[in-house]
Amino acid sequence: MKDKICLITGANSGIGFETAKSLCEKGATLILVCRSLEKAKKAIDEIKTAIPGAIALPAFADLASQTDIRKMAAQINAEYPKLDVLINNAGSWFSEVELTEDGIERQWAINHLAPFLLTHLLLPLLVKSDDPRVITVSSDSHFHGKIHFEDVNLLKNYHGLRAYAQSKLANVLFTLEFERRKDDLPISTYAVQPGLVKTDIGVKHTISFHAIMWKLRRLGGVSPQKGAETSIFLASDKDVSKLSGKYWDKCQPKSPSKNAVNEGDAANLWELSLKMCGIDDFFTGI
Ligand SMILES: NC(=O)c1ccc[n+]([C@@H]2O[C@H](COP(=O)([O-])OP(=O)(O)OC[C@H]3O[C@@H](n4cnc5c(N)ncnc54)[C@H](OP(=O)(O)O)[C@@H]3O)[C@@H](O)[C@H]2O)c1
């Protein structure tokens, strides 16, 4: 991975941290997107202590804010000569419904629209790589998901699990639709299922009942290092770009849900996401 530049969101903890650390170990330059200097510094110090000589640099954005995402992407576009790998890893889980400053339900904003918008904004840098890859961390929770086009913010019927499953289904629909729409753009795209992983995702923004349920559920999970393996494989394997536009689990392609291969829903979701992010043409500016 020497000479490769990778950007990963949600890099200060869990699966994202382990992915960043391992890619640094392989010699890549890592840009760690975090919400604060404090979180980025802690993660970078830990990586540099474990891997002397690691090149790990911070970038800042609250991915619930489209203004923040645009500001951060503009800085990355200005500061770096190319981007080889974009890993849309950040994700969140909220028990309670609340809208972001953009008027969007938080899981929809962070888990789906942030990857959609960030990928669009970083296309000009990605096309400067000779083997650009976009990896979006989804979940097998998407098998329980449905896109509620009539109420995507789920204001009429919110449940944290419903919102999570919807957003993770959107990750797979986005990846597959990107593949269909990209024409001769040489960017590979992958959606990833990391497995059930022992992280704090289910305790950060949840009511105590949900936090207890998550703590019990994750007892059966794998370590964050293990959960990061498929993202690391897709970022670093020499030949995997031939297998673009698929859903991956345990470093192998796997069939996603029936809803994830619904091309009508994928096209509708694409249009809705453009509108919700204020983008005219996803592939413009390349
Ligand atoms: N754990 C599992 O069993 C599992 C299973 C399937 C899929 N996944 C997916 O794996 C990915 C990583 O999750 P994880 O389990 O490793 O959980 P995690 O340790 O909580 O990591 C999530 C990361 O996303 C960041 N993040 C969340 N909201 C953000 C925001 N608004 N702005 C910027 N960064 C934000 C978090 O930052 P903060 O620390 O600042 O919150 C954290 O760095 C997620 O996409 C998740 O859906 C996890």
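A few points about this structure:
- The one condition in (1) more than 11 Å from the ligand (Cβ to nearest atom); (2) surrounded by fewer than 24 Cβ atoms within 10 Å (Cβ to Cβ) that residue 106 fails to fulfil: (1)
- Among the candidates 32, 37, 63, the residue that is aliphatic (A, V, I, L, M) and at pLDDT below 95 is uniquely 37.
- Residue 139 meets the stated requirement of being within 16 Å of the ligand (Cβ to nearest atom), of a type in the set (S, T, N, Q) and closer than 23 Å to residue 251 by Cα.
- Checklist (1) touching a Phe, Trp or Tyr at 6+ places or on another chain (Cβ under 7 Å); (2) part of a helix (DSSP H, G or I); (3) among the β-branched types (Val, Ile, Thr) applied to residue 189, failing item: (2)
- Count of region 1-28 residues which are of a type outside the set (A, V, I, L, M), buried (at least 20 other Cβ atoms within 10 Å of the Cβ) and either more than 15 Å from the ligand (Cβ to nearest atom) or free of Cβ contacts under 8 Å to residues at least 40 places away in the same chain (or both): 5
- Of the numbered criteria (1) within 20 Å of the chain's Cα centre (by Cα); (2) within 14 Å of the ligand (Cβ to nearest atom); (3) over 19 Å from residue 153 (Cβ atoms), the one residue 41 fails is (1).
- Residue count for region 138-159, restricted to those that are in contact (Cβ under 8 Å) with a residue 40 or more places away in the chain and over 11 Å from residue 108 (Cα atoms): 10
- Counting only helices (runs of 4 or more DSSP H) that sit completely within region 31-134, those holding 2 or more residues that are touching a residue at least 40 places away in the same chain (Cβ under 8 Å) correspond to 66-79, 114-126.
- Any hit, region 175-183, residues being farther than 20 Å from residue 94 by Cα, away from the ligand (no atom under 16 Å from the Cβ) and in a strand (DSSP E or B): no
The values are calculated or read from the model by the stated rules, or taken from the named source; none is laboratory data. Worth saying up front: this structure is predicted, and the values here are computed from it rather than measured. Virtual Cβ from ideal backbone geometry, glycine too; neighbours counted across all protein chains shown.
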